[in-house]
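Heads up: the structure comes next, in structure tokens.
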Amino acid sequence: MMEEYKRRIELFSLYDHTNIEKHLEKMASKGWMIDTIGTTLWRYKKIEPKKLKFSVVYYPKEVKEGVIISDDRQNFIDLCSSGGWNYVINSGKMHIFSTDDENAPPIDTDAPIQIECIHKFAKTEIVYGYLFLIIACIFFSGFIIYELWKEPVETLKDATPIFWLTPVTLIFSVFNVISYLNWYKKAKTAAENGEFTNTKKIIRFEVLFWFPLYVGFGLLGILSFMRIRYILFTLGIISTGIILFIIYRAINNKICKSERKETTKQRLRRFAAVTLVFLWLGSGIGAYTAIPKPYYKVKVNSEFGNTYSREVYLDKNAPLDISDYKETGNKTVSCEKSTRELLLIKETEWKLYTVEDEKNDDGLFLYYSVTDIRFTPLLERCKNEIIFNHIVYESKKILLDTDKFEGYRYYIDDKTPTNSFAFCNGNRIITVDFSWEPSEEELIFAAEKLINSQNTYSF
Amino acid sequence: MPRAKFQTLTEQMFYVLLCLESECCGTDIMEKIRSLTDSRVILGPGTLYNLLEQFVDEKIIVETKTEGRRRSYILTEKGRQLLENEYNRIRKQADDYEKLFREEQ
């Protein structure tokens with residue numbers, strides 16, 4: 001007969017012997033015997049359902065994986081066997097024994113010794129493991145903070161969910177280490193009085209966060225040119241799908257305990273189906289919201305005589321229009337708006353241009369962006385990034401007949417001015433590109449309109 | 001385990017040392033304790049393993065021979081002294097108890 005296996009994601013902390021024992025007993029009574037233990041994926045082998053007692057004990061010496069069981073460890077296993085316990089498997093120092101003898105004496109009968117063994121195990125496998133994770137998170141957060149300091153607008157604009165997942169992972173990891181140390185302190189005091197302390201179930205949630213982190217990395221590669229909300233939407237919906245699936249499975253397992261038994265294949269197939277549906281939904285909604293609407297295409301005659309199509313965007317309510325300055329007559333004006341919003345920074349960009357036969361096109365355009373810095377300490381850094389340390393241009397302050405805001409003009413080199421300008425007022429930074437050389441009145445008009453414009457964001 | 005811990009012995013430690021008065025292997029120790037105490041004292045195999053390791057480290061007992069994976073141990077002079085001190089301590093406790101309660105009667 002073919003041996004049947006099933007795999008499950010288990011989020012136990014490995015020092016949590018109390019709950020691992022309970023869990024394995026439950027699995028055995030359902031006909032599944034633990035077979036291998038991975039970091040999160042555990043494999044079970046099909047057996048006749050039976051009532052078994054499990055004991056999780058921690059071998060106090062080093063265990064070198066991949067090496068044949070040392071004589072000393074075998075001695076430990078033999079000793080436990082002679083006490084009526086059958087060796088099942090081990091994962092490093094953690095050894096699992098089972099017995100069908102209800103009256104078999106426990107393997108650990110001395111609380112201080114048990115705590116000492118658990119702590120030896122936890123120190124190497126849990127605390128140091130988490131320390132590594134915490135150091136990695138701190139390093140990563142440090143890197144993000146450095147980027148934020150250097151180029152706050154760019155970093156925040158393209159900030160990925162990773163940015164927010166790192167601190168979350170960090171919080172969970174720190175929480176788990178603290179919970180363990182807390183338990184250890186309590187258990188050690190109790191052990192001095194000869195009492196055993198059960199471990200509390202601490203779910204390693206950070207594992208759940210690592211998963212979207214990987215997905216996030218993957219998506220980032222493909223979608224980095226898209227808007228942040230696309231990624232957020234997709235990720236949000238995928239995570240919701242996974243969470244719903246986990247809840248569904250938990251309920252399903254509770255309701256039909258014995259009536260319906262699924263094979264691993266069926267389970268995987270259903271998991272894949274649910275994930276796909278949500279992935280599809282996520283991408284769909286994401287893509288739908290990412291496309292600037294409404295827009296249509298027009299045929300334009302190029303100066304070489306052929307025609308091509310050009311998109312015309314019809315975003316409404318642009319705070320500043322080309323027609324505020326120039327006569328556009330019956331020319332079509334395309335108006336495209338894009339917004340990126342994060343907790344600390346919101347940036348709205350408008351691109352307005354006339355769409356006409358290129359032959360006769362006088363190429364009018366007006367591009368402007370409004371960036372609101374909600375976190376004041378970042379303001380100076382943002383000004384540096386946008387105005388003073390511009391990648392291509394140099395900036396020079398210009399004197400305008402107003403004291404309401406500061407004005408700057410970008411220069412290609414020291415002497416060649418461009419038609420690009422920047423303005424600052426309070427927490428708002430504005431850039432404007434004209435297709436013509438604006439007069440001072442025109443500049444002040446643009447700055448005042450944009451300074452007073454609403455930078456609202458709508459989904 | 002800190003050295004100070006062996007200044008007084010727990011019941012389980014006491015019986016392990018008592019059994020090792022003559023050469024004995026781990027499995028026999030568990031059996032011996034059970035029959036000696038009429039199952040009053042139960043010694044878990046994991047605990048026994050750790051105790052034997054610690055006793056050997058502290059030179060309280062010594063490994064005598066290894067047959068296959070079976071290891072036998074026996075008390076050292078230090079271990080004998082420790083056991084005797086413990087016996088005297090318990091004895092003194094019993095004497096004090098008797099002194100007080102007999103006088104009352």
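Could you figure out which of (1) at positive phi; (2) within 13 Å of the chain's Cα centre (by Cα) isn't true of B:SER39?
(2)
Of the conditions (1) free of Cβ contacts under 8 Å to residues at least 60 places away in the same chain; (2) surrounded by 15 or more Cβ atoms within 10 Å (Cβ to Cβ); (3) more than 20 Å from A:ILE373 (Cβ to Cβ), A:TYR408 satisfies every one except a single condition; which number is it?
Condition not satisfied by A:TYR408: (3).
For B:THR64, only one of the following conditions fails: (1) β-branched (Val, Ile, Thr); (2) in contact with a helix residue (DSSP H, G or I) (Cβ under 7 Å, 6 or more places away or on another chain); (3) part of a strand (DSSP E or B). What is its number?
(2)
List the pairs whose first member sits in the range A:302-327 and is within 15 Å of A:THR354 (Cβ to Cβ), whose second member is of a type in the set (Phe, Trp, Tyr) and assigned to a loop (DSSP other than H, G, I, E, B), and whose Cβ atoms are under 9 Å apart, counting only residues at least 6 apart or on separate chains?
Note: pairs meeting the criteria are A:TYR325/A:TRP436; A:LYS326/A:TRP436.
Just name the residue that is surrounded by the fewest Cβ atoms within 10 Å (Cβ to Cβ) out of those in the range B:34-58 that are touching a residue at least 24 places away in the same chain (Cβ under 8 Å) and within 17 Å of A:ALA104 (Cβ to Cβ). Step through it out loud before you land on a result.
Here is the first cut: in the range B:34-58, the ones touching a residue at least 24 places away in the same chain (Cβ under 8 Å) are B:41, B:43, B:47-48, B:51-52, B:54-55, B:58.
Retained after the next criterion (residues that are within 17 Å of A:ALA104 (Cβ to Cβ)): B:41, B:43, B:47-48.
Details: B:VAL41: 14, B:LEU43: 25, B:THR47: 27, B:LEU48: 26.
If we take residues in the range B:34-58 being touching a residue at least 24 places away in the same chain (Cβ under 8 Å) and within 17 Å of A:ALA104 (Cβ to Cβ), then B:VAL41 is surrounded by the fewest Cβ atoms within 10 Å (Cβ to Cβ).
Starting from residues that are outside any strand (DSSP E or B) and surrounded by fewer than 20 Cβ atoms within 10 Å (Cβ to Cβ), keep the ones in the range B:67-82 and report whichever is farthest from the other protein chains (Cβ to nearest Cβ). Show your work before the answer.
Let us first name the residues in the range B:67-82 that are outside any strand (DSSP E or B), namely B:68-69, B:76-82.
Checking which are surrounded by fewer than 20 Cβ atoms within 10 Å (Cβ to Cβ) leaves us with B:68-69, B:76-78, B:80-81.
Details: B:GLY68: 9, B:ARG69: 5, B:THR76: 20, B:GLU77: 25, B:LYS78: 21, B:ARG80: 22, B:GLN81: 23 Å.
The residue in question is B:GLU77.
Can you name the residue in the range A:362-387 that is in a helix (DSSP H, G or I) and not aliphatic (A, V, I, L, M) and, of all such residues, is surrounded by the most Cβ atoms within 10 Å (Cβ to Cβ)?
In the first step, residues of the range A:362-387 are kept if they are in a helix (DSSP H, G or I); the result is A:376-387.
Next, only the ones that are not aliphatic (A, V, I, L, M) stay: A:376-377, A:380-385.
On the way: A:THR376: 10, A:PRO377: 9, A:GLU380: 12, A:ARG381: 18, A:CYS382: 24, A:LYS383: 21, A:ASN384: 15, A:GLU385: 20.
Residue satisfying both the conditions and the ranking: A:CYS382.
So which pairs qualify, if the first residue must be in the range A:371-398 and over 13 Å from A:ILE429 (Cβ atoms), the second must be of a type in the set (D, E, K, R), the Cβ gap must be under 6 Å, and the two must be at least 6 apart or on different chains?
A:LYS396/A:ARG409; A:ILE398/A:ARG409
Take the residues in the range A:107-130 that are within 44 Å of the chain's Cα centre (by Cα) and within 9 Å of chain B (Cβ to nearest Cβ); name whichever of them is nearest to A:GLY194 (Cα to Cα). Spell out how you get there, then give the answer.
Initially, the range A:107-130 is screened for residues within 44 Å of the chain's Cα centre (by Cα), giving A:107-108, A:111-130.
Within this subset, residues satisfying the condition of being within 9 Å of chain B (Cβ to nearest Cβ) are A:107-108, A:112-114, A:116-117.
On the way: A:ILE107: 15, A:ASP108: 12, A:PRO112: 7, A:ILE113: 10, A:GLN114: 11, A:GLU116: 13, A:CYS117: 15 Å.
Per the criteria, the residue is A:PRO112.
Would the range B:90-104 turn up any residue that is of a type in the set (Gly, Ala, Ser), surrounded by fewer than 17 Cβ atoms within 10 Å (Cβ to Cβ), assigned to a helix (DSSP H, G or I) and out of contact with any strand residue (DSSP E or B) (no Cβ under 9 Å at 6 or more places or on another chain)?
Here is the first cut: in the range B:90-104, the residues of a type in the set (Gly, Ala, Ser) are B:94.
Filter once more, keeping what is surrounded by fewer than 17 Cβ atoms within 10 Å (Cβ to Cβ): B:94.
Subset that is assigned to a helix (DSSP H, G or I): B:94.
This time we only want the ones that are out of contact with any strand residue (DSSP E or B) (no Cβ under 9 Å at 6 or more places or on another chain), so: B:94.
The answer is yes, given that some residue of the range B:90-104 is of a type in the set (Gly, Ala, Ser), surrounded by fewer than 17 Cβ atoms within 10 Å (Cβ to Cβ), assigned to a helix (DSSP H, G or I) and out of contact with any strand residue (DSSP E or B) (no Cβ under 9 Å at 6 or more places or on another chain).
Suppose we keep only residues that are within 12 Å of A:ASN90 (Cα to Cα) and at pLDDT below 90 within the range A:43-64. Which one would you say is surrounded by the fewest Cβ atoms within 10 Å (Cβ to Cβ)? Talk me through it step by step, then tell me what you get.
Pass one, the range A:43-64, residues within 12 Å of A:ASN90 (Cα to Cα): A:55-59, A:63-64.
With at pLDDT below 90 added as a condition, the list becomes A:59, A:63-64.
Working: A:TYR59: 22, A:VAL63: 16, A:LYS64: 9.
Among them, the one singled out is A:LYS64.
The values are calculated or read from the model by the stated rules, or taken from the named source; none is laboratory data. Since we're looking at a predicted model, the values are computed, not measured. Note that each Cβ is placed from the backbone with ideal geometry, even for glycine, and that neighbours are counted across all protein chains shown.
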